[in-house]
1. Return the distance in nm (one decimal) between the two label points of a simple spin-label model at ASP240 and TYR125, each offset 7 Å from Cα along Cα→Cβ.
2. For a 26 Å ceiling on Cα separation, which of these pairs sit above it: LYS23/LYS43; LYS43/LYS122; LYS166/LYS259?
3. Direction-averaged shadow area of the convex hull around the Cα atoms of region 189-299, nm²?
4. Projected onto the charge dipole of region 189-299 (+1 at Lys/Arg Cβ, -1 at Asp/Glu Cβ, origin at the Cα centre), which of VAL230, ILE189, LEU266 gives the Cα projection farthest towards the positive end?
5. Test of the criteria: in region 216-266, which GluC sites (Glu not before Pro) are in a DSSP loop and have at most 10 other Cβ atoms within 10 angstrom of their Cβ?
Amino acid sequence: MAICRWLSWCDSLVIYGMPRTKKFFAVLVLYIAVFILWGRVGKTFPEWLSVVVCAWLFLVGPVALFMTASLARDEIHFEDPRGFIGIVLRVLVGTPLGCFGIVCLVTGLAVIAFAAWSAWVKADYDMLKNVPGLLVFAAMSAFGWFVLRRALVGEGQTRKEIEKLKHARLAALLHPDWAFYAEHLGRPIPEALKKIYADPRQVQASPDLRGMKSEEESIEFEPLHRDYCVPAEESDLPYDIVPVATADDQNWIFLKPGKDETNQVLMADPEEPENIVILADSVETFLALLIWENESESDS
């Protein structure tokens, strides 16, 4: 029952529908359960079962944890790794080596602690006399700590860094670099675009886009700055683009650069950039397709 509650709690930490992440948590729970079972009643196991359990704990289990954590890291987004739980998830999944480091650290420290406890409480010094064995487990602990340190500082963004990026993006959004954008387009900037960016309230809104497959499809306006230009080699398009906005599914909405090009508003999927959709024949028409929050309230 405790394991079921723990799995349910873990499931609440991730977004529903993440099979790779759930597989990782299942392997992790199995590893911990077998480790506890082995520590409690391992002496009663038959020889063949002891071999299987040791193979799982020291060979198969760590590899399985490493592989499933490596897959799960693509499904969990660490935008704000706060608190103890955030740190644990960041170490376990954000850096697969962190998971392996925890296995080494816990195993090494557990064996050393058990040897010290046996000597102190039971006056059993057999494990302490096995110096080479203790050195191996001490080395495992040192390696685990080294990996954990790398995991904690080497992956993900801190909350301070995230806030800094948000402030930088907002500043760029509210102060477009029109000289750069005009140079990028190679033609005059549509006045309707300048007008929308001149209104801080509207440019920070997330209006819905009429006529899309989902009624909940909304967009976010993007900063018109050099730093937010998507080079052709990154987009697989034959030209650089500066997205005017992005949709919920992260599709780019942009104007095609070129002196002789029209101001058609285009949309491209980052996964399939060759499939370009024409949203509107002009910026004015595109803006007319947007449903703002006050319009939705008035319609209801």
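No value in this document is a laboratory result; all are computed from the given coordinates. Keep in mind it's a predicted model, so treat the numbers as computed, not measured. Every residue, glycine among them, receives a Cβ derived from its backbone with ideal geometry; neighbour counts consider all protein chains shown.
1. The answer from the label model is 7.4 nm.
2. Over 26 Å apart, Cα to Cα: LYS23/LYS43; LYS166/LYS259.
3. For region 189-299, the mean projected area of the Cα convex hull comes to 7.2 nm².
4. Of the candidates, ILE189 comes out farthest on the positive side.
5. When the GluC sites (Glu not before Pro) of region 216-266 are filtered for loop state and at most 10 Cβ neighbours within 10 Å, GLU216 remain.
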